[in-house]
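The values are calculated or read from the model by the stated rules, or taken from the named source; none is laboratory data. Since we're looking at a predicted model, the values are computed, not measured. Cβ placement follows ideal geometry from the backbone for every residue including glycine, while neighbour counts extend to all protein chains displayed.
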Amino acid sequence: MSWRRLQARMPAIFDTIATIILVSSMLVGFGYPAFVLILSAVVSKTNVAGNEVLEPVFWSVLDSSIVACIATVLATILTALNRSLPRSLSRIFDVIILIPATFSPFVIGAAVWRGVGRGGILDPGFFPPFFGRLAVIFTFTLALSPYAYALLRLSTLKVPLALIDICRVNGAGEWKIFRHTVWPRMRRGLPLAWLVVFILSVSDPVVPSLLSYPHPNASRAVWTLTTALGDTGGAARISLVLLMTTLGLGAIAFRALESRDLLGAFRGFEPDSNRTSFSQPVGLALWPRVATVSALAIVTTAPVIFMVARAGTNQTSSSPMVITTALVISLFTVVGSIVIAGSGLWLKARRPGRHVVDMLFGLALMVPGATTGSALGLAYGPSSHLAVNLSSTAQPVMASLLTVAAYLTLSAPLTYVSVRAYGRVLPRQDFETALMLGASVARAARVSAQTWLRQSVAMSITIVLAVSAVSVAPIMWVTSPSTPLLVPYLYRLIDHAQFGSAVLLALTISAIILLLLFISSLLLRIRTRSRGSQF
């Protein structure tokens, strides 16, 4: 086959590769585990039924809805405030707001409890006990608001600064500028921000266990039934009811905001006369190169992951081992998220009129972590039919793959949805001018939207790193307290009242995540001289 003929067939070849990656990842991460979960709910014997299933789901959904509403409103106010700050102060403001996202919610809850709760270090003597539903709602709001803020900030980056300056020259006030320029763009990000906070809140079993026991909670019930009581049938039933309720609320949220369909907000604004889709040139031109580099990174990083999995059998986990494991898992999750989300972007860019890919990632994002965790544990856990038939050498490999898969079930859909929801920022005339001057599609896209690309990629990397390093669900269902990962190890320290060690470790990993964000921002700002003056 000649080189020209091979080049002509490359798009079709990449179509096949992207389809295989996307279909296999969805089947492995959601398809087969969902089948095992449904089978367990129907076949397994359990005494959990009726109110024992509905009551914890009701209270979990109610509390998480309240948290999501408060966090979204707070993030909206903070985002609007940030738009009025100078650019240098705006970046500092971003870092300050994002700091809580680098800690697990139960770490923040324990810190507040030990600080200002009754008997705490800063207790003035009249504070009530930091316990109950209000404590859970406060903890989740403080811990998860940065995720909503980050997503809304991405949506406001699409507002041209020149448009705001023109409005000010014409005498428009700040409120009028916000209402006519910033708010229409921010409004499209509200469903996604609300949904992400709701999913993270409803999926966390640890904060309710520490701060509101025995108040009913679905994730805590699934966690207890699975890990402590071994009642997989009851856990599967609660997980399925929680899943159906969450999907229904997701549909209502998008309908309430007048989206044209369930995932209308994921696609962003429709193209108008002077703008084109940024995700299409990114998918068509950048994904093949990114996928190749990411595949090589996976091959080189996999042995480290497997070594870490073998170390998980050691009962003497230490802070250095935990930090090393968290960093490796986070980087591996970023690479996997790029490959999976990039496959979806490629297929969507090749067939813009089809919304199957949008629906797949949107539905994957709406699956609660409790449902995903229990399903993954039943499908690939130590007691699953697949793991039982493996050799002793292959079981650590299976454990490492299960850990990575658990993180990817949240980070990969979030990466895809973030790009799709906020990708329409590329001026068509600049993009077409670059093409006329001989630039490739990749370079035209990069040069025409360099500022937005740097900021959005850095923000997306921050979200993925934070999720993979501090996310509680579904990782708590596929690990044990002895596993050398940050979340299980921190939970063990707090559960054994070793608050000093827990705080030191949490601060260390937070500093590392912020340092990685700073490094990624610097790398994204690097330009060569040849690129600075021409396309």
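Data overview
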read-out	value
Residue in the stretch 130-142 that is over 21 Å from the mean Cα position of the chain (by Cα), at pLDDT below 70 and surrounded by 13 or more Cβ atoms within 10 Å (Cβ to Cβ) present	yes
First in the stretch 53-72 and farther than 25 Å from A236 by Cβ, second anywhere and in a helix (DSSP H, G or I) and aromatic (F, W, Y), Cβ under 6 Å, 6 or more apart	V67/F140; A68/W194; A68/F198; T72/W194
Check on P184, farther than 18 Å from A71 by Cβ and modelled with pLDDT of 85 or more	no
Filter result (surrounded by 20 or more Cβ atoms within 10 Å (Cβ to Cβ) and modelled with pLDDT under 90) within the stretch 237-248	T246
Those residues of the stretch 197-222 which are more than 17 Å from the chain's Cα centre (by Cα), polar (S, T, N, Q) and assigned to a helix (DSSP H, G or I), in sequence order	S209, S219
Condition check for T16: part of a helix (DSSP H, G or I), of a type in the set (S, T, Y), loosely packed, with under 14 Cβ neighbours inside 10 Å and at pLDDT below 90	yes
Helices (runs of 4 or more DSSP H) contained in the stretch 27-127 and holding at least 2 residues modelled with pLDDT under 85, surrounded by 14 or more Cβ atoms within 10 Å (Cβ to Cβ) and in contact with a helix residue (DSSP H, G or I) (Cβ under 6 Å, 6 or more places away or on another chain)	51-83, 87-98, 105-116
The stretch 249-270, residues that are β-branched (V, I, T) and at pLDDT 80 or above	none
Subset of the stretch 320-337 (residues that are surrounded by 18 or more Cβ atoms within 10 Å (Cβ to Cβ) and hydroxyl-bearing (S, T, Y))	T325, S330, T333, S337
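For (1) in a helix (DSSP H, G or I); (2) at pLDDT 80 or above; (3) farther than 30 Å from L229 by Cβ, each residue gets a yes or a no:
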{"residue": "A387", "(1), (2), (3)": "yes, no, no"}
{"residue": "S391", "(1), (2), (3)": "no, no, no"}
{"residue": "Y407", "(1), (2), (3)": "yes, yes, no"}
{"residue": "V419", "(1), (2), (3)": "yes, no, yes"}
{"residue": "Q429", "(1), (2), (3)": "yes, no, yes"}
{"residue": "R446", "(1), (2), (3)": "yes, no, yes"}
{"residue": "S460", "(1), (2), (3)": "yes, no, yes"}
{"residue": "S482", "(1), (2), (3)": "no, no, no"}
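To keep it simple, each residue is scored yes or no on (1) in contact (Cβ under 8 Å) with a residue 12 or more places away in the chain; (2) surrounded by 24 or more Cβ atoms within 10 Å (Cβ to Cβ); (3) not β-branched (V, I, T).
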site: A193; (1), (2), (3): yes, yes, yes
site: V197; (1), (2), (3): yes, yes, no
site: S203; (1), (2), (3): yes, yes, yes
site: L210; (1), (2), (3): yes, no, yes
site: H215; (1), (2), (3): yes, no, yes
site: A228; (1), (2), (3): no, no, yes
site: A235; (1), (2), (3): yes, yes, yes
site: I252; (1), (2), (3): no, no, no
